[in-house]
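What follows is calculated from the coordinates using simple rules that are stated; it is not laboratory data. As the structure is a computational prediction, the values presented were derived from the model and not from experiment. Cβ atoms come from the backbone with ideal geometry, glycine included; neighbour counts cover every protein chain shown.
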Amino acid sequence: MAAENSKQFWKRSAKLPGSIQPVYGAQHPPLDPRLTKNFIKERSKVNAIPLKNKKASSFHEFARNTSDAWDIGDDEEEDFSSPSFQTLNSKVALATAAQVLENHSKLRLKPERSQSTTSDVPASYKVIKSSSDAQLSRNSSDTCLRNTLHKQQSLPLRPIIPLVARISDQNASGAPPMTVREKTRLEKFRQLLSSHNTDLDELRKCSWPGVPREVRPVTWRLLSVSSTYSVEKHELTQPFLPDEGYLPANTERRKLTLQRKREEYFGFIEQYYDSRNEEHHQDTYRQIHIDIPRTNPLIPLFQQPLVQEIFERILFIWAIRHPASGYVQGINDLVTPFFVVFLSEYVEEDVENFDVTNLSQDILRSIEADSFWCMSKLLDGIQDNYTFAQPGIQKKVKALEELVSRIDEQVHNHFRRYEVEYLQFAFRWMNNLLMRELPLRCTIRLWDTYQSEPEGFSHFHLYVCAAFLIKWRKEILDEEDFQGLLMLLQNLPTIHWGNEEIGLLLAEAYRLKYMFADAPNHYRR
């Protein structure tokens, strides 16, 4: 009887982890239905459950059934040795493996047939391939001729980085040569930066459409300023002064200023860092220690112990020096663009794979101190996002709701119809400055403009979020239930985005700002 109940239980259960499913349209042929008869029968019973039972009727129910994909490491104590994880159809697995090997054997014969076919064609009719195409064809032929078992056993010399984790932009190493226009822009930047007193207004104009990789570190140091913006009054509460930058505009003062600020930061380390073990700081340090491994988990650079130690010091010192807010989850993400940009000043290859132990101690100290000060300048303008109850974020989400209701009433009413609150998805957009919605390479490009725009992080970001939301209006209107909308808005498909998509997003955001920034009554109905 117990065995029968157990059998019935597995028929009712969802798919097992590691179960083999038919994949149509992939490289390998579909599985033989005769071999997967039992599997398909069980799947059909699962799919027969009414859809209404699967949908979450409210945000609280949805939250209970889902989890943030960024909260990794919470399931490390799962027991994968139980029988439920070992119940696999061995016949299906063997049949699939045989089909894969047969498919690879067929692929090995294709290059020979194609070569003999092209040899019969007259020379005048042959298609001349570019060097890149020829290289690709050679690589594919070599791959097909390798022994399958040997390919599985061999390990790559460098880790394979998913596209979402690629940091490089069009100016990075390995990219196509710069165009004449890009060379001209780079030369203009160099002239501005080398002048006795850099014209910061002109530098902002040049930086708005993006900063070349070669001059981005010094440009970001010059444009890192502190000022605060009031969402309610729509005005600057502090003047936007050029001399508030981390790096002075005067070239003669730069070296001494950097030396003084770096020494000041490491003075904070000596003074405060040992207090992390004290009782009243233990909670802060513990939360930082938990969050840092979750920062860009797909990028090997940020999983290096030395890099994580640097991030711990930066975040702890900032929290100690800003008791009004302390450390709040999400601030850890804001360090990464600065760290990558200042690291790229000393690294020619792809940053995401670079081993920082190859750098000298002095260089690492410079990168750490510069990252701390520039992050501090950024947070000075948005600190009300992280104080008690996070009033800054709540005001900005409300402003976003009012703005969207004016620029796209159909999308706004669609959210209201399915009871989707803006706070449920836009809170993270404001808290992390869209860093969890965009690849890091896109965030760096976005911040080029934010640092060129007056109050870019606090005010212009609102219009970027509005443009970003409307960008997906078709996909939003296609979703007709609460759960589908939340899943879409928390997993927007930006993995393939690059500088072009960010440029279009910023252009639309600027248009919205031009229409609404000086007319706040347009927000209201």
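When the Karplus curve 6.51 cos²θ - 1.76 cosθ + 1.60 is applied with θ = phi - 60°, which whole-Hz ³J(HN,Hα) does each residue of segment 363-380 get, with x for Gly and Pro?
5, 4, 5, 5, 4, 5, 5, 4, 5, 4, 5, 5, 5, 5, 4, 4, 5, 4
Mind pulling the per residue volume of the convex hull built on the Cα atoms of segment 283-438? Å³ is fine.
Working: hull volume 21.4 nm³, N = 156.
That works out to 137 Å³ per residue.
May I ask which of Lys183/Lys471; Lys205/Lys471; Lys398/Lys471; Lys396/Lys471 have a Cα-Cα span longer than 21 Å here?
Over 21 Å Cα-Cα: Lys183/Lys471; Lys205/Lys471.
What list of ³J(HN,Hα) values in whole Hz, one per residue of segment 413-425 in order, does the Karplus curve 6.51 cos²θ - 1.76 cosθ + 1.60 (θ = phi - 60°) give from phi, with Gly and Pro shown as x?
5, 5, 5, 5, 4, 9, 6, 8, 8, 4, 5, 6, 10
Work out the P(r) tail for segment 389-524: percent of alpha carbon pairs separated by more than 23 Å, whole number.
29 percent
Which ³J(HN,Hα) values in Hz, rounded to whole numbers, follow from the phi angles of segment 262-267 under the Karplus curve 6.51 cos²θ - 1.76 cosθ + 1.60, where θ = phi - 60° and Gly and Pro get x?
After applying 6.51 cos²θ - 1.76 cosθ + 1.60, I find 5, 5, 5, 4, 6, x Hz.
Considering only Cα-Cα distances, which of the following residue pairs are longer than 32 Å: Lys474/Lys513; Lys377/Lys513; Lys188/Lys395?
Too far apart for the 32 Å limit: Lys188/Lys395.
For a protection proxy built on the mean count of beta-carbon atoms within 10 angstrom, sort 272-281, 299-308, 427-436 highest first, please.
427-436, 299-308, 272-281
Packing-wise, with mean Cβ within 10 Å as the measure, how do 480-493, 355-368 rank, highest first?
Peptide ranking by packing, descending: 480-493, 355-368.
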